[in-house]
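Written below as structure tokens is the structure these notes are about.
The values are calculated or read from the model by the stated rules, or taken from the named source; none is laboratory data. In this text the structure is predicted, and so the values were computed from the model without any measurement. Cβ placement follows ideal geometry from the backbone for every residue including glycine, while neighbour counts extend to all protein chains displayed. The protein model used for the area step is the full one, side chains on, heavy atoms only, and it has no ligands, DNA or RNA in it. Shrake-Rupley method; radii C 1.70, N 1.55, O 1.52, S 1.80 Å.
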Amino acid sequence: MTAQSTMTTFAGLHHRPGEPLLLPNAWDHASAAGLAARGFPAIGTTSLAVAAAVGLPDGEGATREQTLSLALTLGSEPYLLSVDAEGGFSRDPGEVAELARQLWALGAVGINLEDGLGPSGRLAAKIVAVKAAVPGLFVNARTDTYWSGDGGERDTLRRLDAYQQAGADGVFVPGLADPARIAALVRRLDVPLNILYSPAGPTLAQLAGLGVRRISLGSLLYRRALGAALDAVADIAAGRTPGGTTPGYAEVRALERSVSVSRSANATG
């Protein structure tokens, strides 16, 4: 499958009425391979996990090389990969476009770029540069008005309009959970709306009914995995048998082998 056809397939996953794309987010090749084995056709990365793994801050442009390294690991696998690239690790649209070119060359078909509540024109310029450099890359433009701002509806609409006009293929509003506001945004937008799933928010079925076309899990799976590890060691220290699911050694090795085999096939194909 060519890069252009995989991107077309990825875009198509956002256009199934009543059946939004559920995008789980991985943090290494084992987590991604495990998710792919469960049948997910597309997988995203999570910037929090990339940063936490190496002790760097999330959302501050500190993990460009680590993000590219993870894309190198995952980009040749038999699923569609979308990369969380924070704000593109630069304020310079040209540098963000160069990052996009590198991700595309590594096999990514999507990129998530966020505004961090900075000027909307800054992210819009990055979107224009990325789409000019790599027209086939699916750009998901994120605004943080609900995630770290006051959730102002007017500011949210202004930003999303700017990102649509700049060429974004989809828009992402993490932190938005009110059904009425979600439905109003869906009616207003010309591109797919991406919502971040929250256990305390609407269910997948409810989000589908509201017209949401992409549902991301963000760092939830990583944080759950970390929490499960801490719970397990606490149980062991207290003399209890830890609960939950524990993949066997052979199961994890099987994920390693599947990655090695696919890499070998790509290298010889």
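Name the one entry in L48, L80, L74, L56 that is without any contact (Cβ under 8 Å) to a residue 24 or more places away in the chain and either surrounded by fewer than 20 Cβ atoms within 10 Å (Cβ to Cβ) or aliphatic (A, V, I, L, M) (or both). Let's see the steps before the verdict.
Numbers: L48 fails: without any contact (Cβ under 8 Å) to a residue 24 or more places away in the chain; L80 fails: without any contact (Cβ under 8 Å) to a residue 24 or more places away in the chain; L74 fails: without any contact (Cβ under 8 Å) to a residue 24 or more places away in the chain.
Result of the check over L48, L80, L74, L56: L56.
Results for (1) within 13 Å of the chain's Cα centre (by Cα); (2) open to solvent by less than 40 Å² (accessible area, probe 1.4 Å); (3) under 18 Å from N112 (Cβ atoms), shown as yes or no for each residue.
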| residue | (1), (2), (3) |
| --- | --- |
| P192 | no, yes, yes |
| A205 | no, no, no |
| G218 | yes, yes, yes |
| Y222 | yes, no, yes |
Is it the case that some residue within the range 76-84 is of a type in the set (G, A, S), in contact with a helix residue (DSSP H, G or I) (Cβ under 6 Å, 6 or more places away or on another chain) and more than 27 Å from Y197 (Cβ to Cβ)?
-> yes
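Restricting to the range 12-29, what's the tally of residues that are out of contact with any strand residue (DSSP E or B) (no Cβ under 8 Å at 6 or more places or on another chain) and of a type in the set (A, V, I, L, M, F, W, C)? Let's see the steps before the verdict.
At the first step, the residues of the range 12-29 found to be out of contact with any strand residue (DSSP E or B) (no Cβ under 8 Å at 6 or more places or on another chain) are 12, 15-19, 28-29.
Filter once more, so that each one left must be of a type in the set (A, V, I, L, M, F, W, C): none.
Looking only at that region, the number is 0.
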Pairs under 6 Å by beta carbon, first residue in contact (Cβ under 8 Å) with a residue 60 or more places away in the chain in the range 181-203, partner open to solvent by 40 Å² or more (accessible area, probe 1.4 Å) and assigned to a loop (DSSP other than H, G, I, E, B), six or more apart or different chains?
-> P192/R213
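How many of the residues in the range 11-30 are in contact with a helix residue (DSSP H, G or I) (Cβ under 8 Å, 6 or more places away or on another chain) and open to solvent by 20 Å² or more (accessible area, probe 1.4 Å)? Steps first, answer last, please.
Start the filter on the range 11-30 by keeping residues that are in contact with a helix residue (DSSP H, G or I) (Cβ under 8 Å, 6 or more places away or on another chain), which leaves 18-20, 22, 24-30.
If we keep only those that are open to solvent by 20 Å² or more (accessible area, probe 1.4 Å) as well, we get 18-20, 22, 27-30.
Within the range 11-30, residues that are in contact with a helix residue (DSSP H, G or I) (Cβ under 8 Å, 6 or more places away or on another chain) and open to solvent by 20 Å² or more (accessible area, probe 1.4 Å) number 8.
What do you reckon, is E60 more than 23 Å from T9 (Cα to Cα), acidic (D, E) and in a helix (DSSP H, G or I)?
Numbers: more than 23 Å from T9 (Cα to Cα): yes; acidic (D, E): yes; in a helix (DSSP H, G or I): no.
Criteria not met by E60.
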Pairs returned, first residue in the range 100-115 that is more than 9 Å from V83 (Cα to Cα), second residue that is assigned to a helix (DSSP H, G or I) and open to solvent by 50 Å² or more (accessible area, probe 1.4 Å), beta-carbon separation under 7 angstrom, 6 or more apart or interchain, are L106/L72
Within the range 103-138, can you find the residues that are assigned to a helix (DSSP H, G or I), within 26 Å of S76 (Cβ to Cβ) and open to solvent by 30 Å² or more (accessible area, probe 1.4 Å)?
-> W104, A105, L106, K131, A132, A133
Taking the range 148-190 only, how many residues are open to solvent by 30 Å² or more (accessible area, probe 1.4 Å) and not small (G, A, S)?
-> 17
